[in-house]
Structure formats: C-alpha cells, structure tokens
1. Looking at (1) closer than 23 Å to residue 16 by Cβ; (2) over 12 Å from the mean Cα position of the chain (by Cα), which is the only condition residue 86 fails?
2. Any idea which of (1) within 15 Å of the chain's Cα centre (by Cα); (2) farther than 21 Å from residue 152 by Cα; (3) part of a loop (DSSP other than H, G, I, E, B) is the one residue 37 doesn't satisfy?
3. Is one or more of the residues making up the stretch 134-144 surrounded by fewer than 18 Cβ atoms within 10 Å (Cβ to Cβ), under 18 Å from residue 81 (Cα atoms), of a type in the set (A, V, I, L, M, F, W, C) and without any contact (Cβ under 8 Å) to a residue 12 or more places away in the chain?
4. Enumerate the pairs (first residue in the stretch 43-54 and without any contact (Cβ under 8 Å) to a residue 60 or more places away in the chain and within 15 Å of residue 16 (Cα to Cα); second residue anywhere and assigned to a helix (DSSP H, G or I) and hydroxyl-bearing (Ser, Thr, Tyr)) with beta-carbon separation below 9 Å, excluding pairs fewer than 6 apart on the same chain, so at least 6 apart or on different chains.
5. Take the stretch 8-37 and flag every residue that is closer than 29 Å to residue 72 by Cβ, surrounded by 14 or more Cβ atoms within 10 Å (Cβ to Cβ) and at pLDDT below 85.
6. Looking at residue 96 and the list (1) free of Cβ contacts under 8 Å to residues at least 12 places away in the same chain; (2) touching a helix residue (DSSP H, G or I) at 6+ places or on another chain (Cβ under 7 Å); (3) within 28 Å of residue 159 (Cα to Cα), which single condition is not satisfied?
7. If I ask for residues that are within 21 Å of residue 41 (Cα to Cα) and in contact with a His (Cβ under 9 Å, 6 or more places away or on another chain), which ones from the stretch 114-137 would you list?
8. Could you check the stretch 13-66 and list, in sequence order, the residues that are of a type in the set (A, V, I, L, M) and under 19 Å from residue 95 (Cα atoms)?
Amino acid sequence: MILLTIFRKESVRLILAFLFAFVPFIFLPVFFSFLHLTFFAPFLIIAYYKKPFAVALWFSLLCGLLMDLVSSQHHLGLHAFAYGCTTWVLYGQKRHFFEDRPSTLPIMTAFFAVLSTLIQIAMLALFEIPLPISWAWVASDLVLMPVLDALYAFVWFTLPSLFMPRIPRHEYFLQKDNK
C-alpha cells in the first residue's frame, strides 16, 4: 500500500521506461559491440515530458554516469557532462513537439544523440588529443548513428506502446495522467 502511494502511475511509467532503456544498455553491446547507441536518450526524452527541469537534469546526469562507468576509453564524467548539457539545451525544445505523437520520441532521440556527440567531441578536444574529424566520421556519428538511435527509440519504445491496450487519451510512456 505504501509503495502505491510512493509510486504513482506516472512514476511507474517512468520506471518502466528506465528499465526499457537499461535492459538493452546491459545486453545489446554483448551481441552488437559495434553499435554505440545512446541507450538512455529515449528514457531522458520521456523524463522531459513527465518531470520538471531539475529532475530531468538529475536523471540525465545519473544516466551519463552509468554510461561513464561502463566506458573505458573516456574520462569519468564526460558522458554525464554531455548528457547534462544536452538536457539543458533540449528540455525547452519539447514545446515544439507534441508529446503524444509517435514521431516525437524518435525525433527528439536523434536530436539528443547529435547534440551529445557534438558536446563530447568538444570536451575531448579540450581535455585530450582532438579527434580527427572527417566526412566519414560526420556520416557515421552525426548521421547514421542518430538515425539508428531514432530507430531504436521507435522500435523499442514507441511500437510496444502502440500495441498495448490503452485507456483513451492515455499514452503509456509520454502522456501524464489526467487527475
């Protein structure tokens, strides 16, 4: 009974979205190590629509820290800083997209992936040896990978919510409960 009062339906949906991001974060690199998806971007986009800015910023810092803990090639805090800066920039842009549209989550995920990649590259250029930027890098990291991130968000987050039985005017991940 106490858990039900602590975790309202909105929080349960957010926890479910986190678990939907955490499972591929743990298991997908085992089978597809060449894919460097932004696993927590869809969860963070959902948090933008469900939580205030300060809470969404904390979520982004914690998700970035999780990425930092499993990343062996970068400085600790690089992903957390990039995710925090990306949240700072993208949070206000949510007003340009309707939260209940199936295209919102993939589009915002692609924006998140591009922006966090650019911030990480800028930080690497400041603290380490700058990476050589080529057209092949631009094509792979700023075009192909954000498209794959958007496809991941659509297939893993949006499609299941479209096929679940729904209460009218309720979307499982994005829309807040009407009280």
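1. With (1) closer than 23 Å to residue 16 by Cβ; (2) over 12 Å from the mean Cα position of the chain (by Cα) applied to residue 86, the lone miss is (2).
2. In the conditions (1) within 15 Å of the chain's Cα centre (by Cα); (2) farther than 21 Å from residue 152 by Cα; (3) part of a loop (DSSP other than H, G, I, E, B), residue 37 misses (2) alone.
3. Within the stretch 134-144, the subset surrounded by fewer than 18 Cβ atoms within 10 Å (Cβ to Cβ) is 134-140, 142-144.
Imposing the further condition that a residue be under 18 Å from residue 81 (Cα atoms) reduces the set to none.
The answer is no; no qualifying residue exists.
4. Short answer, once both residue conditions are applied: 47/60; 47/87.
5. 28, 29, 35, 36, listed by residue number.
6. (2)
7. 116, 120, 123, 124
8. Correct list: 41, 44, 45, 46, 47, 54, 55, 56, 57.
The values are calculated or read from the model by the stated rules, or taken from the named source; none is laboratory data. All values reported here derive from a predicted model rather than from experimental measurement. Quick reminder, even Gly has a Cβ in these numbers, built from the backbone with ideal geometry, and neighbours come from all protein chains shown.
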